[in-house]
Amino acid sequence: MTARTAVALALCVAAAVSAGCASVMRVDSQVKSYAQWASTADPATTVSYRFERLPSQTQGPEATAHSALEGMVERALARSGWQTAGAGAPAPWQVQITARTDKLPRAPWEEPADGRWMRGGLWASNSGRVGFSGMWMIEIPYYQRSLSVVVLDTRSAQVVYESTAAHDGRWNDSPALWQAVVDAALNGFPHPPAAVRQVNIDIPR
């Protein structure tokens, strides 16, 4: 069996064991939220809003990805009674979203390598025979994600709510994963806890 075949087999076994042991994945996000609603603009009584995009979010693949993200935020805000304003209707609140994913070749704590490397050491027998024992290691990508949700009062142009959520791990992008990050960022909306906190959300694997 070649080293490459052994690595592939080991990964398959690990994936099978993992799938058999659990049916959900925990998305742990680090969340920071700030709210400063004016006493004359209680968000509980004025819940119509409109999304606002940056120029870079209006064209090409970025526009498609941002539309999906807006749908996730819309679902999360609906749980607090917030609804998007209809065409031509006034919108006292404006919601802005930014998101980012950084793909690293490996986790920050892993050894640098050019794709794969050998771990092990030399051994010697009583007969004087010398050999090498170890195993091949391959790099697995690592993802760092961040999301920001900002709410502005269109009447005063003041930011009244800001929340950021950060999550990192091995899993590639998926709608369920991003929905969990969005839900974490809007945890406690519109009056979130003041302290920095970790929000855990379980999603299907």
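Each value in this text was obtained by applying a stated rule to the coordinates, not by laboratory testing. In this text, all values refer to a predicted model and were calculated from it rather than measured experimentally. Ideal geometry is used to build each Cβ from the backbone, glycine not excepted, and the neighbour counts take in all protein chains shown.
Summary of computed values
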quantity	calculated
Surface/4 of the Cα convex hull for the range 134-205, nm²	7.3 nm²
Whole-number percent relative contact order across the range 44-105, with pairs defined as alpha carbons under 8 Å at least 6 apart	55 percent
Residue list for the range 72-105, given a label point 7 angstrom along the Cα-to-Cβ vector of residue 159 and an amide N cut-off under 12 Å	96-98
Extension gain from residue 100 to residue 44, taking 0.36 nm per residue of separation minus the Cα-Cα distance	17.2 nm
